[in-house]
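S.K.: Please find one structure pasted underneath; my questions will follow.
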Amino acid sequence: MASHDSQYQAVVGKSRLSTAVAHAILVAGLVFLLAPILLIIASSTHSTSTLQLGGLQWLPGDRAIENYARVISFEAGFSDRITPMGMLGNSLIIAIGVAVLTTVLSFLSAYAMVFFRLPCKGFVFWFVMVTLLFPLESRFVNTFGVVVSLGLINTHAAIVLPALAVALGTFFFRQHFLTMPKELIEAATLDGAGPFRFLKDIVVPLSISKAGAIFVIAFMIGWNQFLWPMMISTNDDLYTLVRGIGLIGQESGPGMALVVITILPPFFLLLIFQRWFYKSLSV
Amino acid sequence: MSKVQLSNVTKTYPNGAEAVRGVDMEVESGEFIVFVGPSGCGKSTLLRMVAGLESVTDGQIQIDDRLINDVSPADRDVAMVFQNYALYPHMTVHGNMSYGLKNRGMPKQEINAKVVEAAKMLKIEDFLDRQPNQLSGGQRQRVAMGRAIVREPKVFLFDEPLSNLDAKLRVQMRIEIKRLQRRMNVTSIYVTHDQTEAMTLADRLAVINEGKIEQMGAPIELYNNPATLFVASFIGSPQINLLPAMFDGQYLSSGDLKLEGFVDLPQSKELVLGIRPDELRLSDDGQFPMRVDIVEQHGSDNLIYGAILGAEQESDEETEFCFKTSQDMLPELESNLTLGFDVDRALVFHKDTGERLR
């Protein structure tokens, strides 16, 4: 047995005990992260009365079909204009809008900061980074005033635009661009590539996986928005899924079903992008 | 076929550092010029100024009598091969080689013909569809050269292209570069810190030190007739033997050693005597008693390193000489040899200015 252990140690480079401890920690983390999701999925198959009497449920119930059917046929609002499909549409428009525009904007701003000779480049970069200290919530009142003066109240644009300035994206792309060897730019310059060609032919193809990661993160930010859409829209047509959860009631079977449905699109997105996502985060 | 002319070219960085201080040079059409010097001497900066990757602070750079100081790198009609290859990692070999031509709006068929022709010349035609990360270092360097060749530039610029290769491959590629340059007859400027590379490749060699050309000429001319102490010690492998000395009108003396046969040297000035390792010979009436420290067997010849007994010492270290001899000479370690040299072949330098006196 002892010789087995030492053989194992020689191959794996760790003792069985330390491997076991590492696994225990990982499993604990996994349980911690997955438990709320399993709780929600299980609860979405119970009746509202079970949930209200007994709290959230760990085991599956028998009301799944009814709950999900109820969510799909759900109508609410002043003139029944809040529907699941409508909310899904709004959520997608906003999340994709935020994701696409954030990715493009932070990509271009980082490109300018790294590859162009700008005056006060360092200052501009740190100024952008400082905006991280001011999340959207801290500038609601001013931003509201700006949106009103632009006449954008009750539009998708009003929800999307203030969320675009994600300094994290700029930072992320900047760090990535800085790892590109400067000879690459010089070779491209000698090959007759100007700033646009260099962007299109060299930088973009080499940044796709990073851009995928930023896209996913920005999508989540857009998808999970709650407070700001509530402030800036009074129109029932602009309801998103996340806001809809409040409408339908949280401690109800259909409410739980809606939560599950709300989780799905970001989940599938992550599933699709996960290879790129992890690749770009691990570098 | 193009000539390159540098007149009083200067590079001063914004922080005041002077990288290149007034370089004048004329590179003839089809000539292979090598810039050689220690790292930080400004040789790469000078090359990059010709390429247009560094601005020119002062002076003029001309290619075929056309002033190119303010011409963009792409319009200078030069092609450069980088040390780290700088291949586009996401493009195939074909893509890498054709990119510059595509940007110039050349028709696709013509590009293809050129790429295939260059690939054949470099023996990489089987790899055209591969990506750089599927190639070995040597193959990558060939692709980098292919990218330069297809452009049919007026001037080839090489920035230490072989430094990332292993020793054997380096020799192979060195010969190939020379062959290629002969065949294409394109004016070339090549930067290296490797003096063997410099000696073997160059039609003419420019030894650069602290931003200035120390001496320029055919490699063998620089070896035989170095103008300064710096050139003498930089060119030649193994390095030239140097001995601190003074002249008293009759003898050139160093410590207890008194060397005869020197005339017309400045008296009571610090001098340096230089003797190439292959100029030394074993001789009973020789001038230098040597204690053998190390014997290196290189195959066809042996290098014997040892201290010259009685010679003046720089700091605490004994003055070491290297003696190049045939493979059958294998003295015992710690044994003593007596070495002689031909006074006519010895070089004498001024210690402070480095200027050669004879």
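The values are calculated or read from the model by the stated rules, or taken from the named source; none is laboratory data. Since the structure is predicted, the reported quantities are computational estimates derived from the model, not experimental observations. Methodologically, a virtual Cβ is constructed for each residue, glycine included, from the backbone with ideal geometry; neighbour enumeration extends over all protein chains shown. Ligands, DNA and RNA are excluded from the accessible area calculation, which covers all protein heavy atoms including side chains. Shrake-Rupley method; radii C 1.70, N 1.55, O 1.52, S 1.80 Å.
S.K.: Which one is farthest from the other protein chains (Cβ to nearest Cβ), of the residues in region B:142-193 that are open to solvent by less than 40 Å² (accessible area, probe 1.4 Å) and of a type in the set (Asp, Glu)?
M.R.: B:GLU176
S.K.: May I ask you to verify whether A:PHE196 is more than 9 Å from chain B (Cβ to nearest Cβ) and closer than 19 Å to A:ARG117 by Cβ? Spell out the reasoning first.
M.R.: Values: more than 9 Å from chain B (Cβ to nearest Cβ): yes; closer than 19 Å to A:ARG117 by Cβ: yes.
Judged against the criteria, A:PHE196 is a match.
S.K.: Could you list, in sequence order, all residues of region B:10-44 that are within 30 Å of B:ARG183 (Cβ to Cβ) and crowded, with 21+ Cβ neighbours inside 10 Å?
M.R.: B:VAL23, B:VAL27, B:PHE32, B:ILE33, B:VAL34, B:PHE35, B:VAL36, B:GLY37, B:LYS43, B:SER44
S.K.: Taking the condition among the acidic types (Asp, Glu) and open to solvent by less than 70 Å² (accessible area, probe 1.4 Å), does B:ASP342 pass?
M.R.: Criteria met by B:ASP342.
S.K.: Does region A:204-212 contain any residue that is within 13 Å of chain B (Cβ to nearest Cβ) and more than 22 Å from the chain's Cα centre (by Cα)?
M.R.: Checked region A:204-212: at least one residue is within 13 Å of chain B (Cβ to nearest Cβ) and more than 22 Å from the chain's Cα centre (by Cα).
S.K.: Failed condition for A:THR189, given (1) among the polar types (S, T, N, Q); (2) over 26 Å from B:VAL81 (Cβ atoms); (3) crowded, with 17+ Cβ neighbours inside 10 Å, with all others met?
M.R.: (2)
S.K.: With (1) open to solvent by 30 Å² or more (accessible area, probe 1.4 Å); (2) under 30 Å from B:PRO132 (Cα atoms); (3) free of Cβ contacts under 8 Å to residues at least 12 places away in the same chain as the list, and A:PHE172 as the residue in question, which single condition is left unmet?
M.R.: The number of the failed condition is (3).
S.K.: Please report, ordered by residue number, the helices (runs of 4 or more DSSP H) entirely within region A:31-128 with at least 1 residues that are under 22 Å from the mean Cα position of the chain (by Cα).
M.R.: Correct list: A:84-115.
S.K.: Does B:ALA19 satisfy being away from chain A (no Cβ under 14 Å), more than 28 Å from B:ARG140 (Cα to Cα) and of a type outside the set (Asp, Glu)? Spell out how you get there, then give the answer.
M.R.: Values: away from chain A (no Cβ under 14 Å): yes; more than 28 Å from B:ARG140 (Cα to Cα): yes; of a type outside the set (Asp, Glu): yes.
It is true that B:ALA19 is away from chain A (no Cβ under 14 Å), more than 28 Å from B:ARG140 (Cα to Cα) and of a type outside the set (Asp, Glu).
S.K.: When A:ILE217 is evaluated against the numbered criteria (1) open to solvent by 30 Å² or more (accessible area, probe 1.4 Å); (2) without any contact (Cβ under 8 Å) to a residue 12 or more places away in the chain, which criterion, by number, is the only one it fails?
M.R.: (2)
S.K.: Here is a list of conditions, (1) under 12 Å from A:PRO254 (Cβ atoms); (2) in contact with a helix residue (DSSP H, G or I) (Cβ under 9 Å, 6 or more places away or on another chain), and A:LEU88 meets all of them except one; can you say which number that is?
M.R.: Failing condition for A:LEU88: (1).
S.K.: Same structure, new question: Just for helices (runs of 4 or more DSSP H) wholly inside region A:147-190: which have at least 1 residues that are within 14 Å of chain B (Cβ to nearest Cβ) and among the β-branched types (Val, Ile, Thr)?
M.R.: Passing ranges, in order: A:182-190.
S.K.: Go through the residues of region B:315-329 one by one and say whether even a single one is in contact (Cβ under 8 Å) with a residue 60 or more places away in the chain, assigned to a loop (DSSP other than H, G, I, E, B) and open to solvent by 10 Å² or more (accessible area, probe 1.4 Å).
M.R.: Within region B:315-329, one or more residues are in contact (Cβ under 8 Å) with a residue 60 or more places away in the chain, assigned to a loop (DSSP other than H, G, I, E, B) and open to solvent by 10 Å² or more (accessible area, probe 1.4 Å).
S.K.: Any residue at all in region B:223-231 that is under 28 Å from B:LYS102 (Cβ atoms) and over 12 Å from the mean Cα position of the chain (by Cα)?
M.R.: No, because not a single residue in region B:223-231 is under 28 Å from B:LYS102 (Cβ atoms) and over 12 Å from the mean Cα position of the chain (by Cα).
S.K.: Restricted to region B:50-108, and to residues that are assigned to a strand (DSSP E or B) and at the interface with another protein chain (Cβ under 10 Å from one of its Cβ atoms), which residue is surrounded by the fewest Cβ atoms within 10 Å (Cβ to Cβ)? Spell out the reasoning first.
M.R.: So in region B:50-108, the residues assigned to a strand (DSSP E or B) come out as B:58-63, B:66-67, B:78-81.
Still in the running and at the interface with another protein chain (Cβ under 10 Å from one of its Cβ atoms): B:78-81.
Values: B:VAL78: 26, B:ALA79: 26, B:MET80: 30, B:VAL81: 24.
Here the answer is B:VAL81.
S.K.: With B:GLY310, B:GLY340 as the choices, which residue is touching a Ser or Thr at 6+ places or on another chain (Cβ under 9 Å) and touching a residue at least 60 places away in the same chain (Cβ under 8 Å)?
M.R.: After applying the criteria, what remains is B:GLY340.
S.K.: Take region B:332-349 and flag every residue that is of a type in the set (Phe, Trp, Tyr) and either assigned to a strand (DSSP E or B) or at pLDDT below 90 (or both).
M.R.: If the condition is that a residue be of a type in the set (Phe, Trp, Tyr) and either assigned to a strand (DSSP E or B) or at pLDDT below 90 (or both), then B:PHE349 is the only one that fits.
S.K.: Go through region B:65-98 and give me each residue that's of a type in the set (Asp, Glu) and more than 21 Å from B:ILE111 (Cβ to Cβ).
M.R.: Passing the criteria: B:ASP65, B:ASP70.
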